[in-house]
Amino acid sequence: MLPYSRQLKQNSREFRNNMTDAEQKLWYRLRRKQINGWQFYRQKIIGSYIVDFYCPAARLVVELDGSQHFEPQHQAADQKRDAYLESLGLLVLRFDNRQVLLEMDAVLGVIAQIPNITLEIPPSPPFSKGGENRRTHEAPMLEQKSTVLVTSSKKDTDAPVPPFEKGGLGGIYVDPSINGETSA
């Protein structure tokens with residue numbers, strides 16, 4: 001989990017409610033996992049900063065810069081901010097508002113080309129707060145990749161269930177033999 005400052009929660013909420021035109025336009029195209037199936041968050045608190053957009057799956061921060069960011073003091077602050085975010089292992093992409101407003105397809109193309117990063121999932125602690133051994137109740141941990149594999153509950157195969165479409169069965173495995181179907 002990334003560090004964050006609780007004191008910035010109210011500011012983050014206010015920023016979400018008062019987004020710039022460029023932020024609104026980009027958010028419309030990032031939300032609901034429209035790019036590579038990635039979940040993006042807006043006005044996310046990371047450390048003592050509030051970033052415009054954050055995608056945990058790609059460890060990606062997207063920042064939109066207004067004209068004030070071309071002034072020397074803002075550039076120095078942005079470099080310090082970017083160095084901090086990069087020290088956390090995050091990739092920072094910066095676009096100016098004009099690019100987003102006039103060249104949206106190019107901006108989305110750059111974001112979509114960021115490779116999926118395999119995340120290391122740390123092992124959970126062996127004991128929960130109540131003292132009960134949690135490992136006996138957990139499913140085996142899988143390495144998280146760009147797509148999540150759901151293993152079937154069918155005992156005779158280790159083949160993953162194919163990804164499901166919106167409105168589909170949602171990861172429920174239906175044994176074809178139940179419906180009288182046979183597999184070829």
Which ones in segment 20-69 are under 22 Å from L101 (Cα atoms) and among the hydroxyl-bearing types (S, T, Y)? T20, Y28, Y41, Y54, S67
Determine whether segment 9-19 contains at least one residue that is in a strand (DSSP E or B) and under 24 Å from A112 (Cα atoms). no
Mind checking which residues of segment 95-111 are loosely packed, with under 15 Cβ neighbours inside 10 Å and not in a helix (DSSP H, G or I)? E103
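Readers should treat all values here as calculations from the given coordinates under stated rules, not as data from a laboratory. Quantities reported herein were computed from a predicted structural model and do not represent experimental measurements. Because the Cβ atoms are built from the backbone with ideal geometry, glycine has one as well, and the counts that use them run over all protein chains shown.
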